[in-house]
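Colleague: I have a structure I would like to understand better, so I am pasting it below and will then ask my questions one at a time.
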Amino acid sequence: QVRLVESGGGLVQSGGSLRLSCAVSGRTFNTMGWFRQAPTKEREFAAGMNRTDAATLYADSVKGRFTISRDNAKNTVYLQMNSLTPEDTAIYLCAGRYGLTAVREGWQYDYWGQGTQVTVSS
């Protein structure tokens, strides 16, 4: 059974930091991604990373503030989020993709976690 389980969300003040984790079991994916969905908004891509060459891809809205990383031995991907603002408030979901390269389109990912809530207060 394939499972992706996010953790690390919570409430943080504006300017603060959080580190999200996504533990994967039952499968190894070539590409991992982080997406987020805020209330009344569509799901949007935040960051992605390839397993083979560790290349990364970021949305413009998080570039320079968020860092995606992965521990292949633990089959876990992380999202370090710094300089958080209230606009970053959302449910954050990780996703796994068999394809070799990180992409922004959610429909290209094969498995999804349930998400973890991140709330940034002003």
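The values are calculated or read from the model by the stated rules, or taken from the named source; none is laboratory data. This one's a predicted model, so the numbers in the text were calculated from it and none came from an experiment. Cβ coordinates were reconstructed from backbone atoms using ideal geometry, including for glycine residues, and neighbour counts include every protein chain displayed. We work out accessible area using only protein heavy atoms, side chains counted, and drop any ligands, DNA or RNA first. Shrake-Rupley method; radii C 1.70, N 1.55, O 1.52, S 1.80 Å.
Colleague: Anything in the stretch 44-60 that is loosely packed, with under 15 Cβ neighbours inside 10 Å and either farther than 21 Å from T28 by Cβ or among the charged types (D, E, K, R) (or both)? List them, or say none.
Modeller: D53, D60
Colleague: Criterion first (over 18 Å from Y109 (Cβ atoms) and at pLDDT 95 or above) does S17 satisfy it?
Modeller: So S17 passes the test.
Colleague: Go through the stretch 77-88 and give me each residue that's buried (at least 20 other Cβ atoms within 10 Å of the Cβ) and over 23 Å from N30 (Cα atoms).
Modeller: Result: L84, D88.
Colleague: Name every residue in the stretch 15-33 that is more than 12 Å from R51 (Cβ to Cβ), among the polar types (S, T, N, Q) and outside any strand (DSSP E or B), in order of residue number.
Modeller: Of everything in the stretch 15-33, just one residue is more than 12 Å from R51 (Cβ to Cβ), among the polar types (S, T, N, Q) and outside any strand (DSSP E or B), namely S17.
Colleague: May I pose another question? Kindly provide the set of residues from the stretch 68-92 that are out of contact with any Ser or Thr (no Cβ under 8 Å at 6 or more places or on another chain) and part of a strand (DSSP E or B), ordered by number.
Modeller: The answer is S69, D71, A90.
Colleague: Out of V103, V120, report the one residue that is open to solvent by less than 70 Å² (accessible area, probe 1.4 Å), farther than 27 Å from G16 by Cβ and among the hydrophobic types (A, V, I, L, M, F, W, C). If you could, list the steps in order and put the result at the bottom.
Modeller: Numbers: V120 fails: farther than 27 Å from G16 by Cβ.
Of V103, V120, the one residue that is open to solvent by less than 70 Å² (accessible area, probe 1.4 Å), farther than 27 Å from G16 by Cβ and among the hydrophobic types (A, V, I, L, M, F, W, C) is V103.
Colleague: List pairs: first in the stretch 10-28 and surrounded by fewer than 15 Cβ atoms within 10 Å (Cβ to Cβ), second assigned to a loop (DSSP other than H, G, I, E, B) and small (G, A, S), Cβ under 6 Å, 6+ apart or cross-chain?
Modeller: Every condition considered, the pairs that remain are S14/S122; R19/G8.
Colleague: Please go through the stretch 90-100 and give me each residue that is surrounded by fewer than 20 Cβ atoms within 10 Å (Cβ to Cβ), modelled with pLDDT of 95 or more and of a type outside the set (A, V, I, L, M, F, W, C), ordered by number.
Modeller: Going through the stretch 90-100, the residues surrounded by fewer than 20 Cβ atoms within 10 Å (Cβ to Cβ) turn out to be 91, 98-100.
Still in the running and modelled with pLDDT of 95 or more: 91, 98.
The answer is Y98, and nothing else.
Colleague: If you don't mind, another one. If you go through the stretch 31-43 one residue at a time, how many are under 18 Å from E105 (Cβ atoms) and open to solvent by 70 Å² or more (accessible area, probe 1.4 Å)?
Modeller: Quick first cut of the stretch 31-43, residues under 18 Å from E105 (Cβ atoms) only: 31-37, 41-43.
Now narrow it down to the ones that are open to solvent by 70 Å² or more (accessible area, probe 1.4 Å): 37, 41-43.
The qualifying residues number 4.
Colleague: Working only within the stretch 85-122, note down all residues that are out of contact with any Phe, Trp or Tyr (no Cβ under 8 Å at 6 or more places or on another chain) and of a type in the set (D, E, K, R).
Modeller: Across the stretch 85-122, the qualifying residues are E87, D88.
Colleague: Take the residues in the stretch 34-67 that are polar (S, T, N, Q) and not in a loop (DSSP other than H, G, I, E, B), then tell me which one is nearest to the chain's Cα centre (by Cα).
Modeller: Step one: of the stretch 34-67, the residues polar (S, T, N, Q) are 37, 40, 50, 52, 56, 61, 67.
The next check asks that each one be not in a loop (DSSP other than H, G, I, E, B); those that pass are 37, 50, 56, 67.
Numbers: Q37: 11, N50: 13, T56: 12, T67: 9 Å.
The residue in question is T67.
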